[in-house]
Amino acid sequence: MNKHSIITGIAIIVIVIPFAVSGLNIIGAQTLEYRWSSPGEFSFFTMSNHGEVEFCNTIPFWTSFQKFEAITFYDSKHIGSFAVNPLTINPLSSQVQEGIFSSEEIAATQHIFMTLDFEFDGGDIRLDPNKFTVLIQTDTPIIGIIPYSTTTQISGFDFDKIMNAENLSCD
């Protein structure tokens, strides 16, 4: 093998590895499982006072994300966001990370959350739960500089079930 072939081969490897790692992060972010850090004890009102989320990496490679955010809407109006800062999770394991809730109208949001928590626990319906949606957005930049986000829209009831899950794949 000549010197130029070796240099070319090394250059290709150096270029491909960051894109491969970024691709694995994207796959990991899309297959990430999560729940409230205290299984079965999630409530939207508790989330509005900050808290911790347990993340489960279901793939056999390290997974990183820059930001995990649950953005809540009622009747198409943004009422608040719960954001978790950057995290790297070991292969096939789970990790707990603290999150911060922010809202421009915290008192009104907490009132909506308390009412919806009551409804989801079997209480009388006072607010239409079908108008409550949650966007799950996970930011995983490609090679650390090219923005890439995975966004999923689910109902508030489904988000409540996910956050109250008793088991994750990593358990």
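The values are calculated or read from the model by the stated rules, or taken from the named source; none is laboratory data. Bear in mind that the values here come from a model prediction, so they are computed numbers and not experimental data. As a convention, Cβ positions derive from the backbone with ideal geometry for all residues, glycine included, and neighbour counts pool all protein chains shown. The protein model used for the area step is the full one, side chains on, heavy atoms only, and it has no ligands, DNA or RNA in it. Shrake-Rupley method; radii C 1.70, N 1.55, O 1.52, S 1.80 Å.
Of (1) part of a strand (DSSP E or B); (2) in contact with a Ser or Thr (Cβ under 9 Å, 6 or more places away or on another chain), G99 satisfies all except one. Which?
The failed condition is (2).
Which count do you get for residues in the range 29-81 that are under 14 Å from S102 (Cα atoms), in contact (Cβ under 8 Å) with a residue 12 or more places away in the chain and open to solvent by less than 60 Å² (accessible area, probe 1.4 Å)?
So the answer is 13.
Given (1) part of a strand (DSSP E or B); (2) under 16 Å from the mean Cα position of the chain (by Cα), identify the lone condition not met by T58.
The number of the failed condition is (1).
Test F113 against the stated conditions and say whether it is part of a strand (DSSP E or B) and either surrounded by 16 or more Cβ atoms within 10 Å (Cβ to Cβ) or not β-branched (V, I, T) (or both).
no
Kindly evaluate G122 against the criterion of being assigned to a loop (DSSP other than H, G, I, E, B), more than 17 Å from S43 (Cβ to Cβ) and either open to solvent by 20 Å² or more (accessible area, probe 1.4 Å) or aliphatic (A, V, I, L, M) (or both).
Working: assigned to a loop (DSSP other than H, G, I, E, B): yes; more than 17 Å from S43 (Cβ to Cβ): no; either open to solvent by 20 Å² or more (accessible area, probe 1.4 Å) or aliphatic (A, V, I, L, M) (or both): yes.
Considered against the rule, which asks whether it is assigned to a loop (DSSP other than H, G, I, E, B), more than 17 Å from S43 (Cβ to Cβ) and either open to solvent by 20 Å² or more (accessible area, probe 1.4 Å) or aliphatic (A, V, I, L, M) (or both), G122 comes out as no.
Output the residues belonging to the range 143-163 that are open to solvent by 40 Å² or more (accessible area, probe 1.4 Å) and either within 23 Å of P86 (Cα to Cα) or of a type in the set (D, E) (or both). Break it down stepwise before answering.
Filtering the range 143-163 for residues open to solvent by 40 Å² or more (accessible area, probe 1.4 Å) gives 143-149, 151-153, 155, 157-158, 161-162.
Hits for the range 143-163 are I143, G144, I145, I146, P147, Y148, S149, T151, T152, Q153, D158, I162.
Would you please name the residue that is farthest from G156 (Cα to Cα), looking only at residues in the range 1-60 that are among the small types (G, A, S) and touching a helix residue (DSSP H, G or I) at 6+ places or on another chain (Cβ under 8 Å)?
S48
Could you give me the residue pairs with C-beta distances under 6 Å whose first residue belongs to the range 129-142 and is open to solvent by 10 Å² or more (accessible area, probe 1.4 Å), whose second residue is among the charged types (D, E, K, R) and in a strand (DSSP E or B) wherever it lies, and which are 6+ apart or on separate chains?
What qualifies is Q137/E69; D139/K67.
Out of the residues in the range 82-94 that are open to solvent by less than 30 Å² (accessible area, probe 1.4 Å) and β-branched (V, I, T), which is farthest from the chain's Cα centre (by Cα)?
Here the residue is I89.
Of the residues that sit in the range 98-110 and are open to solvent by less than 40 Å² (accessible area, probe 1.4 Å) and without any contact (Cβ under 8 Å) to a residue 60 or more places away in the chain, which one is farthest from I162 (Cα to Cα)?
Top of the filtered list is S103.
Collect the residues in the range 1-48 that are hydrophobic (A, V, I, L, M, F, W, C), modelled with pLDDT under 85 and assigned to a loop (DSSP other than H, G, I, E, B), keeping them in residue-number order.
M1
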